[in-house]
1. Six or more apart or on different chains, Cβ under 6 Å: which pairs go from a residue in the stretch 139-164 that's modelled with pLDDT under 85 to one that's surrounded by fewer than 16 Cβ atoms within 10 Å (Cβ to Cβ)? Could you list them?
2. Any residue at all in the stretch 73-95 that's in contact with a helix residue (DSSP H, G or I) (Cβ under 9 Å, 6 or more places away or on another chain), crowded, with 23+ Cβ neighbours inside 10 Å and under 20 Å from residue 12 (Cα atoms)?
3. List pairs: first in the stretch 234-257 and closer than 12 Å to residue 222 by Cβ, second among the charged types (D, E, K, R) and in a helix (DSSP H, G or I), Cβ under 6 Å, 6+ apart or cross-chain?
4. How many residues, within the stretch 208-264, are under 18 Å from residue 151 (Cβ atoms), surrounded by 17 or more Cβ atoms within 10 Å (Cβ to Cβ) and polar (S, T, N, Q)?
5. Being of a type outside the set (D, E, K, R), closer than 24 Å to residue 34 by Cβ and either surrounded by fewer than 17 Cβ atoms within 10 Å (Cβ to Cβ) or free of Cβ contacts under 8 Å to residues at least 24 places away in the same chain (or both) is the filter here; which residues of the stretch 98-121 pass it?
6. Would you confirm, using the coordinates I've provided, whether residue 141 is surrounded by fewer than 22 Cβ atoms within 10 Å (Cβ to Cβ) and within 20 Å of the chain's Cα centre (by Cα)?
Amino acid sequence: MTNDNIHRQMRGAYREAERRGIVSPVFATLQSDSPHARKLFAAVHGAPMPGGRRRSRYDLGVVEAWEMSEAVRWLRTHCGIGGAAVANLLEATHPRPDHWALLICRGDLGIAGFDRAGVVLQSCTYYDEIPCSLPDAFAVREDGLTLIPLENVGPGSSVTVCGRDVDEAVTAASLARAVHRRALPPAGDGEGQTDLPVDDALLALILLRLYGDQPRPVAETVRALRKTRNREDRWLLTVLRANPELRPLANQVDDELTGPPASR
């Protein structure tokens, strides 16, 4: 596929949006080597997505014009945690951009909003993991216990998330940040990118898919958030206990909370 073919596909998508009278259209690029893109295309069109492995950087795959309601529904149905987070961003952004560009790649999702002047906002996320990284300041004790500070919890506040080792502490801190901010950070360095909103449904999905067999990091998250000014632990526990699919995890978390915490 050449650069001319890229412009041809984009012009075709713009014409389709105009023909359908779509306001603030989502121009979705479904890359041919993305399993999520291929699954989504087959579900929407009832036929396999054309093309196979990408042969060059000019090979976009398929470019389509979607209404925002279509994009929201298909992202939530076929693109995991990241898709639900991008759908939340689409719904939460006001005023609407002139149009959106959505890129469904093999390993991640990209989203950008545009007006006449150019890019209004942009973000990137993974399908089924929370972007996370260790802060500059964290501590690992001789016994392996790891302490990670929770950032931006308010003036004069200091909250630490603990784990029996680095992996457990990072797992707990990632959830604590998402609950505290009610948002997922963008993937990569995040510079100039927008956080993705987390609502009740997305928090439940995160707990189900990423923490279903990990009650201890969830309990450590609850312990840490109890110390924040707005007591975000209450939101986490409400979502955890309200969803029938999460009841086994909720019971295990309650057991963890009634036992001894990680020694600080």
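The values are calculated or read from the model by the stated rules, or taken from the named source; none is laboratory data. Everything quoted here is computed from the prediction, not taken from an experiment. Virtual Cβ from ideal backbone geometry, glycine too; neighbours counted across all protein chains shown.
1. From the stretch 139-164, the pairs are 144/165; 154/229.
2. No; the residues of the stretch 73-95 include none that is in contact with a helix residue (DSSP H, G or I) (Cβ under 9 Å, 6 or more places away or on another chain), crowded, with 23+ Cβ neighbours inside 10 Å and under 20 Å from residue 12 (Cα atoms).
3. 239/200; 250/241; 256/216
4. Total satisfying the criteria: 2.
5. 107, 110, 112, 113, 114, 119, 121 - these are the residues of the stretch 98-121 that are of a type outside the set (D, E, K, R), closer than 24 Å to residue 34 by Cβ and either surrounded by fewer than 17 Cβ atoms within 10 Å (Cβ to Cβ) or free of Cβ contacts under 8 Å to residues at least 24 places away in the same chain (or both).
6. It is false that residue 141 is surrounded by fewer than 22 Cβ atoms within 10 Å (Cβ to Cβ) and within 20 Å of the chain's Cα centre (by Cα).
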